[in-house]
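What follows is a short report on a single structure.
The values are calculated or read from the model by the stated rules, or taken from the named source; none is laboratory data. Bear in mind that the values here come from a model prediction, so they are computed numbers and not experimental data. Every residue, glycine among them, receives a Cβ derived from its backbone with ideal geometry; neighbour counts consider all protein chains shown.
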Amino acid sequence: MKRFFVVITILTSIVIIIPALLVLPFSETKSIEANVMPQSDTKASSPAASDPAVEVAVYRTQTKTVENLSLEDYVIGVVASEMPAEFEMEALKAQSLTARTYIVKQLLQPSDMKVPSGAVVTDSTLHQVFRSKEELKQLWGADYEWKIERITKAVKETGGQILTYDGNPIEASFFSTSNGYTENSEDYWQNEIPYLKSVKSPWDVDSPKFYDQKSFSASEFQRKLNVTLPDDGTIGKIVNYTEGKRVAEVTINGKTLEGREVREKLDLKSSDFTWERKGDQVVVTTKGYGHGVGMSQYGANGMAQEGQSFQDIVSYYYQGIEISPVQPFVTKMTAKK
């Protein structure tokens, strides 16, 4: 009988211990996975973002105050203001690179354009248009969430990168819509910049801003350009064109004007223009929107729609440039403080 109770005791112990031994390894594995997975989810998949110590002092033209922003928050506000959020992701990434490059260059080498004390840029077209998230909420309304998500994604996925030429940040100029070609820098500005050369941009013809037309009374036209129209009902003669197919020079009743000068004085969308006199009216038709130097935004979107990457886009519109880490330039900026 005693032997019987010993056997029962041993069997009972086995029944209790073996299931515990079987369950223990699985319960530990599950616990480890629960601790590890959230950590791996938080790892950034994009390039390293810019140093948060770098701040951009922006003069807010409406409130007449200076607002200090992190570099990446500034870039988000610029891209959101300068390019439609519904554009292709690769075009938005290209715009992110231009925005970041522009401000890094400005921080390192401030332009001679005067800004209010304490600021490095304004929030206007004098530099780059910038809007805060609160302003964007008011502007976009119900579309805010998906639009800011796309913009933020584009900025983050190009984080820590700028455009350089010969080891320095480039003059990352851009504009809305070309006339089918971009412009040589020296044909619109005074200086020749090696990476800002005229290239074909056929995608822009699909832009809603490709054509524009303005009418002026003869007296208004003469006053704005400080010219006297001929008595024979004509206007003047276009003397020559730039490599980018824009008007380089015109003569009106013996007076010579540059195409850029005509554009600015008449507030035209482009310096690619033709004109026609209809009775007491002068009708001016333009192709393209903007100065034409650098990256065309609608061209960038057209390239992206064809499957080209943001690297392809910036390398096409800025000849011979490189995409480089921003960190060495951030180090220079923080060393100045």
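Under 30 Å from Val54 (Cβ atoms) and either surrounded by 13 or more Cβ atoms within 10 Å (Cβ to Cβ) or touching a Leu at 6+ places or on another chain (Cβ under 7 Å) (or both): which single residue out of Tyr195, Tyr241 fits that description? So the residue among Tyr195, Tyr241 that is under 30 Å from Val54 (Cβ atoms) and either surrounded by 13 or more Cβ atoms within 10 Å (Cβ to Cβ) or touching a Leu at 6+ places or on another chain (Cβ under 7 Å) (or both) is Tyr195. Thr285 falls short on exactly one of the conditions (1) touching a Lys or Arg at 6+ places or on another chain (Cβ under 9 Å); (2) buried (at least 22 other Cβ atoms within 10 Å of the Cβ), and that condition is (2).
Listed by first and then second residue, the pairs with beta-carbon distance under 6 Å, at least 6 apart or on different chains, first residue in segment 246-273 and in a helix (DSSP H, G or I), second surrounded by fewer than 17 Cβ atoms within 10 Å (Cβ to Cβ), are Lys265/Lys224; Leu266/Lys224.
Pairs meeting the criteria (first residue in segment 116-133 and farther than 11 Å from Ala57 by Cβ, second residue of a type in the set (Asp, Glu), beta carbons under 7 Å, at least 6 apart or on different chains) are Gln128/Glu82; Val129/Glu82; Val129/Asp123; Phe130/Asp123.
Residue by residue, here is whether (1) of a type outside the set (Ser, Thr, Tyr); (2) surrounded by 14 or more Cβ atoms within 10 Å (Cβ to Cβ) holds:
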position	(1), (2)
Gly254	yes, no
Lys265	yes, yes
Ser270	no, yes
Glu276	yes, no
Asp280	yes, no
Ser296	no, yes
Ala300	yes, yes
Glu306	yes, no
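If I filter segment 138-145 for residues that are of a type in the set (Ser, Thr, Tyr) and at pLDDT below 95, do I get at least one hit? There is no residue in segment 138-145 that is of a type in the set (Ser, Thr, Tyr) and at pLDDT below 95.
Taking the listed residues Val199, Val155, the one that is within 13 Å of the chain's Cα centre (by Cα) and among the aliphatic types (A, V, I, L, M) is Val155, with no other qualifying. The set of residues in segment 308-337 that are β-branched (Val, Ile, Thr) and surrounded by 14 or more Cβ atoms within 10 Å (Cβ to Cβ) comprises Ile313, Val314, Ile321, Ile323, Val326, Val330.
Looking at (1) among the small types (Gly, Ala, Ser); (2) modelled with pLDDT of 95 or more; (3) more than 19 Å from the chain's Cα centre (by Cα), find the lone condition where Ser296 falls short. Result: Ser296 passes all but (3). The residues listed here are Ala94, Ala85; of these, the one that is out of contact with any Lys or Arg (no Cβ under 6 Å at 6 or more places or on another chain) and either modelled with pLDDT of 95 or more or in a loop (DSSP other than H, G, I, E, B) (or both) is Ala94.
Among the residues examined, Arg131 does not qualify as modelled with pLDDT of 95 or more, under 18 Å from the mean Cα position of the chain (by Cα) and in a helix (DSSP H, G or I). Beta carbons closer than 8 Å, at least 6 apart along the sequence or on distinct chains, pair a first residue in segment 210-232 that is in contact (Cβ under 8 Å) with a residue 40 or more places away in the chain and under 13 Å from Thr251 (Cα atoms) with a second that is among the charged types (D, E, K, R) and in a strand (DSSP E or B) for Leu229/Arg277.
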